[in-house]
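Reviewing the structure listed below.
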Amino acid sequence: MNAIVVHDLQVDLDRTPILRAVSCAIASGGWLALIGPNGSGKTTLLRAIAGLIPYRGTISLDGPAVGAGSLRTLRPRERARLIAYVPQTPTLPPDMKVTDYVLLGRTPHLSYLAGPGRADRDAATRAAGLLDVTRFGERRLATLSGG
């Protein structure tokens with residue numbers, strides 16, 4: 001089953017064409033590497049899939065919260081529950097610990113003004129394990145490389 005399907009994606013930034021006619025299907029349950037030279041549009045593709053920049057074309061998600069639906073039909077909070085984007089250089093306090101940064105991924109699952117509970121901390125711990133970053137848990141973001 002494909003988790004994300006991109007069809008004829010086009011992105012312009014400052015009126016400059018960045019992506020043209022990109023189509024791909026991303027399977028669920030595995031790892032995917034997106035490789036290419038600097039400036040080839042890798043980050044732009046990821047930002048479009050996350051719904052962070054305007055695009056033309058179709059991005060479809062297949063999951064329990066969406067069915068087989070378009071990214072455009074999701075509210076930002078619903079989309080954030082399904083897709084997380086971590087930029088190479090986060091705009092967060094450099095003294096934030098990795099465990100706290102991973103816990104930020106639970107924000108769309110919290111009600112307004114609520115803090116994370118035990119279930120959120122457990123989910124963040126599982127995510128850190130899946131991403132193999134548990135060993136960095138007590139390190140500060142500023143001490144890690146962007147890669």
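Derivation of every value follows stated rules applied to the coordinates shown; laboratory data play no part. Given the structure is predicted, the values throughout are model-derived calculations rather than measurements. Don't worry about glycine lacking a Cβ; one is built from the backbone with ideal geometry, like all the others, and counts go over all protein chains shown.
For the reader, a short list of remarks on this structure follows.
- Contacts under 6 angstrom Cβ, first residue in segment 30-58 being more than 16 Å from R79 (Cα to Cα), partner part of a loop (DSSP other than H, G, I, E, B), 6 or more apart: K42/L34; K42/G36
- Given (1) at positive phi; (2) in a loop (DSSP other than H, G, I, E, B), index of the condition G57 fails: (2)
- All positions within segment 21-56 that are surrounded by 13 or more Cβ atoms within 10 Å (Cβ to Cβ) and not hydrophobic (A, V, I, L, M, F, W, C): S40, G41, K42, T43, T44, R47, G51, Y55
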